[in-house]
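Trainee: Got a structure here, written out as structure tokens. Questions coming.
Values quoted throughout were computed directly from the atomic coordinates according to the rules given, and no laboratory measurement underlies them. These numbers come from a predicted model, not from an experiment. Every residue, glycine as well, gets a Cβ built from its backbone with ideal geometry; the counts of neighbours run over all protein chains shown.
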Amino acid sequence: MCSVIRYSKGLRASLAAALWALCASGAVAADIVFVADFDNSHLIQWVRRHPSAGGASILLEPAYVTAFRTSGSGGANLTMYLEVPPALNGNADYPKRSALKTFGNASGGLPAVGDCVIVEGLIGKFNGATQLSSATWTLENSSTCGDVPIEPYVTSVATVATDADGVTAGRQPAATAEPFESVLLKFSSPLVLTSNSGAGAFQIGDDLAATGGYLSVAQFIYQYTAVASTQLTSVTGVYDEFDTMTETVYQLLPRSASDIVP
């Protein structure tokens, strides 16, 4: 059973009813703790605000899968990226979109990009990124997510740069990078700054001089062969934080060949 669930006035009644139905059926069980700033926010946004909420278990409102990846022996692990259509965000300030990463066991099957799901897991952080760990998911009808498909947020490299300052040693991410964590982004007419010989990450910029800094495009989901000084029509992917021991690192993760348009 769902041991603690408190809905604030900002939660839509239809979604509340859907979650209660799942609880009553025994399909899910979660401890959900809310604070005042949950009002008018989507649950994913609330988790983003409280990534260290004591390892609490939370059952999210429905959201769309924008990307996923299996890892580990035999593909035993599943990483998913979830996002909510802007019309259902319920909050216009932070983050720019409500998006979140999850990590769990793949034994429950694999989703498809565009699936509407409800996810339960433990709130926490992994390499700097907010995520739900030990996550399990339940497929929902698209109408539960509002039947509004996710369109990538179109932005510039300067807005979300991995390193916005090419002069200072180390990486200095763009000041506005963090609110876009786990969001599906699109860049129009970016310039490829580095070649990768078909293996590993490469860099893109708004121009060849990288006046707005560079963004690292990584191979976590899809590997692309990059050639320096090439102008692409567009690059799309989920925006991921994966910090090292010493630096904060943001990177773009294309999902397939269709995400990089020559």
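Trainee: Under a crude label model (7 Å from the Cα following the beta-carbon direction), how far is Ser73 from Val261 in nanometres?
Mentor: Between Ser73 and Val261, the label points sit 4.3 nm apart.
Trainee: Under Stokes-Einstein, with the Kirkwood radius over Cα pairs standing in for Rh, what whole-number D in µm²/s applies to region 119-180 at 20 °C and 1.002 mPa s? If you can, show how the numbers build up before the last one.
Mentor: On the way: Rh = 15.1 Å.
Result for D is 142 µm²/s.
Trainee: Amide H neighbours of Ser234 under 5 Å, counting only residues 5+ apart in sequence or on other chains, H built in-plane at 1.01 Å?
Mentor: Under 5 Å from the amide H of Ser234 lie the amide H atoms of Ser189, Val261, each far enough along the sequence or on another chain.
Trainee: Still on this model: Could you work out how far apart the two model spin labels at Asn105 and Val167 are, taking each label as a point 7 Å from the Cα in the direction of the beta carbon, and quote it in nm?
Mentor: Simple spin-label model gives 5.4 nm for this pair.
Trainee: Counting only the backbone N, which residues of region 202-234 are under 19 Å from the spot 7 Å out from the Cα of Ser189 toward its beta-carbon?
Mentor: Flagged as within label range: 204-215, 229-234.
Trainee: Amide H of Lys125: which non-local residues (sequence gap of 5 or more, or other chain) have their own amide H closer than 5 Å, using H built in the peptide plane?
Mentor: Gln131
Trainee: Determine the shape class of region 153-261: with a ≥ b ≥ c the square roots of the Cα gyration tensor eigenvalues, call it rounded for a/c under 1.5, and otherwise prolate if a/b is greater than b/c, oblate otherwise. Before the final figure, lay out each step's value.
Mentor: Details: a/c = 1.33, a/b = 1.22, b/c = 1.10.
Rounded.
Trainee: While we're looking at this one, here's another question. From a point 7 Å beyond the Cα of Glu247 in the direction of its Cβ, which residues of region 188-225 have a backbone N at a distance under 18 Å?
Mentor: Residues 193-196, 200-206, 210-220 fall inside that zone.
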